[in-house]
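This report concerns only the one structure given below.
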Amino acid sequence: MAKFIMECPNCGRYVEAKTGFFARKKIDCTCGYTINVKTEKLAARTCPHCGNEVVFDQSKGEKALCPVCHEPINTQAEQTKMEEFSCGQCGVRLMVNKGAATYACPVCDFVNDVPERLMAEKIRREGLASIIKYEGDNETLVWKHPIEDFNLGSQLIVHESQEAIFFRDGQALDLFGAGRYTLETQQLPLLEKLYQLPTDPEGTFHSEVYFINLATQMGIKWGTDSNF
C-alpha cells in the first residue's frame, strides 16, 4: 500500500495518505476540511526534483510547490514535458512524462493505460464521441468503449449479432439490441433512475458501454493438459 503527500486546499497543511484509504476518494484534514480528490483542482504526478508521488493544487499555476521538497512543480517548462489526463477509476487529474505507456494513480492505485486515456481526453475534447459503435473483428467476445463521458443526442449503433450494455458504478443497466439509437432520457430509463441525467442536448453523462458479440464462434480450441 503506497503513500503520497498532498496539500489541503483549505489550510495549506500537508497530509500524508495511503492509497487504499482513498477508495472513497475523500480524506479529512486535521483542520476539519474534507478533501475530495475528484472535485478539487488537484493533480497527481511524480515530482521531478525529489521523485516522490505527490498531489498538488494545480489551480495555483506556476506557484504550485511540491509538498515534500517545496520546489516548483507546475512551471511552464515542466508542463511542456508532461501529458495530463483523468484517472480512469477515481477521476483525479494525472500528469505523466510524455511517451509513458502506463501510470499507476497514486490516489487509487489504478493502473492507467496512458495512450488510451489520452485518446479518451481527445475524443471528449473534440466531441468525437457522437457516434458510439464497435466495428472490430468478430473474434472479440466483449469490447469496452474507451469513452465513458457521452453527450445526450449521441448516436449508438449496434450491429447485427451485437448487444450494447450500459454500466454505471458496476451495475448493468440499459441493454440495446441491433439498431441505431439516439441517446435521450427516454432511451435510458434505468440510467436516469440511478442519477439525474442532464436535460440539455450538450450535457454529458458518465457511463461504461460494453459491446457483446453474439455470433456463434466456431473452431475454438479447448482442452486440458491431462489425458483424463
*Run the quick spin-label model on C50 and V142: label points 7 Å from Cα toward the beta carbon, then report their separation in nm to one decimal.*
4.2
*Quick one: H206, H49, fewest Cβ neighbours within 10 Å first, how do they rank?*
H206, H49
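I'd like the FRET efficiency for K63 and N10, computed as 1/(1 + (r/R0)^6) with the beta carbon distance as r and R0 of 22 Å, rounded to 0.05. Present the calculation step by step, with values, prior to reporting the outcome.
Details: r = 17 Å, r/R0 = 0.78.
That pair, K63 with N10, gives E of 0.80.
Ranked by Cβ crowding within 10 angstrom, fewest neighbours first, how are H70, H145, H159 ordered? Let's see the in-between values first.
Values: H70 11, H145 19, H159 15.
So the residues, fewest neighbours to most, are H70, H159, H145.
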_So the label point goes 7 Å from the Cα of F110 along Cα→C-beta, right? Which residues of the range 74-92 then have their backbone N under 17 Å from it?_
84-92
*Along each principal axis, Cα extent of the range 27-118, largest first, Å*: 39, 28, 20
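Most exposed first by the Cβ proxy, i.e. fewest other Cβ within 10 Å, how do M6, M82 rank?
Details: M6 26, M82 17.
Fewest-to-most ranking of M6, M82: M82, M6.
None of the figures in this text is laboratory data; all of them are computed from the coordinates on show. As the structure is a prediction and not an experimental result, all values here were calculated from the model. Don't worry about glycine lacking a Cβ; one is built from the backbone with ideal geometry, like all the others, and counts go over all protein chains shown.
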